[in-house]
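Asks: This is the structure I have questions about; it appears just below.
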Amino acid sequence: MAKILINKDNLFHNLKIISNHAGSKEKVAIVLKDNAYGHGLKEIASLAKEFGITKAVVRTLDEALEIENLFDEILILAENNMHTYSHTFHIALNSLEQIDTLANNCNVHIKVDTGMHRNGLAPNELEEAIVRLLKKDIKITGIFTHHRSADEVGTTFYWQNCVFEEVKKIVKSLCEQLKISLPVFHSCNSSALFRTKNFNEDMTRVGIATYGYLESDEVFDNPNLKPVLSLWANKISSRKLLKGQSLGYGGTFTAKEDMIVSTYDVGYGDGFLRLNENQKYLTPKGYEVLGRVSMDNLSLNSLDDEVCIFDDVRNLSKIQNTITYEITTTLSKSIKRTIV
């Protein structure tokens, strides 16, 4: 069966770089949404705890419940109806309407729209939101925003930072007037963190950098991160392909000479998607994916019983005309993840 290996040393290498740049492990919230970007929610969560990370970010309540005992604080990004909650959980408030769905006495991080125009309250809605939350005895534990272009050269990053600084002033003034404790403030994702020279916020939400990648423009001084995940496949069968014979659906690969080919047990049903056939994809050992990737298998010019399909998806993402995130998150949950 196909398998995914999680490299513990590489993960810890990345987390050390991240926590050093943030100033401490306590300031790092590891983003574990969507099965830890395809790496395995429980596997990465357990390793993060071992490293000393105390905060996590997930997408849903179900994800939070799976790792509840591993972290002191878990921010849930996309839940509206929280009928069950824990004091460990902190819910992202994305709109004024959501307030009515929240359970009394829960913890909330208010998301503020500083320019991405996707989720979050407008700065002029903050006062209404805070007053309504307090009436339900909901604890306002955080204020945050999200950068839309931290990975690209341009002024948008600085513009959003300026807007968020104004948001901080508004919140601090309201907290003083209402005699409530200041929440934590956070805005930096992976690219924003490493674009910030002197990080001084209360925490940072780090996703893709944890797993060894950054999509930031090369002009930035990106850290030397190491990919954490590798995908492996086992041989199903081998055969001799004669010169002129074609292989797979559509016969898009034709042998230029007699050759030995083997079929392996990974396909697009497992999340290894069909390739752009105008470009070659070579495995780390130099084997070529021949013809079209099928639902449950692919073919290589190899006789090895086991083959590493990839251990770094940056080149594959270029061939697929996509981003590294999409390749790793597409991998099936049914593939066994093993920590090595």
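Asks: Do we have ALA56 as under 27 Å from GLU165 (Cβ atoms), without any contact (Cβ under 8 Å) to a residue 40 or more places away in the chain, touching a Phe, Trp or Tyr at 6+ places or on another chain (Cβ under 8 Å) and crowded, with 19+ Cβ neighbours inside 10 Å here?
Replies: yes
Asks: Moving to a separate point now. So if I check each of VAL153, VAL167, which one is in contact (Cβ under 8 Å) with a residue 12 or more places away in the chain and touching a strand residue (DSSP E or B) at 6+ places or on another chain (Cβ under 8 Å)?
Replies: It is VAL167.
Asks: How about the stretch 281-311: which of its residues are surrounded by fewer than 20 Cβ atoms within 10 Å (Cβ to Cβ), more than 27 Å from the chain's Cα centre (by Cα) and aliphatic (A, V, I, L, M)?
Replies: Hit for the stretch 281-311 is LEU303, nothing else.
Asks: When you check ASN278 against the structure, is it out of contact with any Gly (no Cβ under 6 Å at 6 or more places or on another chain) and touching a residue at least 12 places away in the same chain (Cβ under 8 Å), yes or no?
Replies: No: the conditions fail for ASN278.
Asks: Then there is this: State all residues of the stretch 221-265 that are over 30 Å from ASN14 (Cβ atoms), assigned to a strand (DSSP E or B) and aromatic (Phe, Trp, Tyr); if no residue qualifies, say none.
Replies: Within the stretch 221-265, just PHE253 meets the criteria.
Asks: Still on this model: Taking the stretch 312-333 as the search range and keeping residues that are within 11 Å of GLY38 (Cα to Cα) and part of a loop (DSSP other than H, G, I, E, B), which one is least open to solvent (accessible area, probe 1.4 Å)?
Replies: Step by step, filter the stretch 312-333, then rank; the result is LEU331.
Asks: Turning to a different aspect of this structure: Have a look at GLU66, GLU125, GLU73 and point out the one that is over 22 Å from LEU32 (Cβ atoms) and open to solvent by 10 Å² or more (accessible area, probe 1.4 Å).
Replies: Criteria check complete, one pass: GLU125.
Asks: Sticking with this structure for a sec: Of the residues ALA92, ALA103, ALA78, ALA64, which is within 23 Å of LYS172 (Cα to Cα) and in contact (Cβ under 8 Å) with a residue 12 or more places away in the chain?
Replies: ALA92
Asks: Any idea which of GLU63, GLU50, GLU73 is of a type in the set (D, E, K, R) and within 17 Å of the chain's Cα centre (by Cα)?
Replies: Unique residue meeting the criteria: GLU63.
Asks: Taking the criterion of being modelled with pLDDT under 95, over 17 Å from LEU229 (Cβ atoms) and touching a strand residue (DSSP E or B) at 6+ places or on another chain (Cβ under 8 Å), would at least one residue in the stretch 265-273 satisfy it?
Replies: Looking through the stretch 265-273, none of the residues is modelled with pLDDT under 95, over 17 Å from LEU229 (Cβ atoms) and touching a strand residue (DSSP E or B) at 6+ places or on another chain (Cβ under 8 Å).
Asks: Looking at SER190, SER216, SER238, which is the one that is open to solvent by 30 Å² or more (accessible area, probe 1.4 Å), touching a residue at least 12 places away in the same chain (Cβ under 8 Å) and either under 24 Å from the mean Cα position of the chain (by Cα) or closer than 30 Å to VAL340 by Cβ (or both)?
Replies: SER238
Asks: With respect to ILE17, determine if the residue is outside any helix (DSSP H, G or I), farther than 30 Å from TYR264 by Cβ and not aromatic (Phe, Trp, Tyr).
Replies: Criteria not met by ILE17.
Asks: Within the stretch 9-27, count every residue that is under 17 Å from SER46 (Cβ atoms) and open to solvent by 60 Å² or more (accessible area, probe 1.4 Å).
Replies: Here the count works out to 2.
Asks: So which strands (runs of 3 or more DSSP E) stay within the stretch 114-213 end to end and still have 3 or more residues that are among the β-branched types (Val, Ile, Thr)?
Replies: 139-144
Asks: Tell me which residues, restricted to the stretch 250-271, are in contact with a Ser or Thr (Cβ under 8 Å, 6 or more places away or on another chain) and closer than 22 Å to LEU331 by Cβ.
Replies: Answer for the stretch 250-271, where residues must be in contact with a Ser or Thr (Cβ under 8 Å, 6 or more places away or on another chain) and closer than 22 Å to LEU331 by Cβ: SER262, THR263, TYR264, GLY267, TYR268, GLY269, ASP270, GLY271.
Asks: Being of a type outside the set (S, T, N, Q), over 14 Å from PHE310 (Cα atoms) and in a loop (DSSP other than H, G, I, E, B) is the filter here, so list the residues in the stretch 266-279 that pass it.
Replies: Answer for the stretch 266-279, where residues must be of a type outside the set (S, T, N, Q), over 14 Å from PHE310 (Cα atoms) and in a loop (DSSP other than H, G, I, E, B): ARG274, GLU277.
Asks: Return only the number of the condition from (1) within 30 Å of SER86 (Cβ to Cβ); (2) of a type in the set (D, E, K, R); (3) surrounded by 17 or more Cβ atoms within 10 Å (Cβ to Cβ) that LYS136 does not satisfy.
Replies: Of everything listed in (1) within 30 Å of SER86 (Cβ to Cβ); (2) of a type in the set (D, E, K, R); (3) surrounded by 17 or more Cβ atoms within 10 Å (Cβ to Cβ), LYS136 misses just condition (3).
The values are calculated or read from the model by the stated rules, or taken from the named source; none is laboratory data. Only a predicted model underlies this, so the values are computations on that prediction, with no experimental measurement involved. Cβ sites come from the backbone with ideal geometry, for glycine too, and all protein chains shown count toward neighbours. These accessible areas exclude ligands, DNA and RNA; they are computed on the full protein's heavy atoms, side chains included. Shrake-Rupley method; radii C 1.70, N 1.55, O 1.52, S 1.80 Å.
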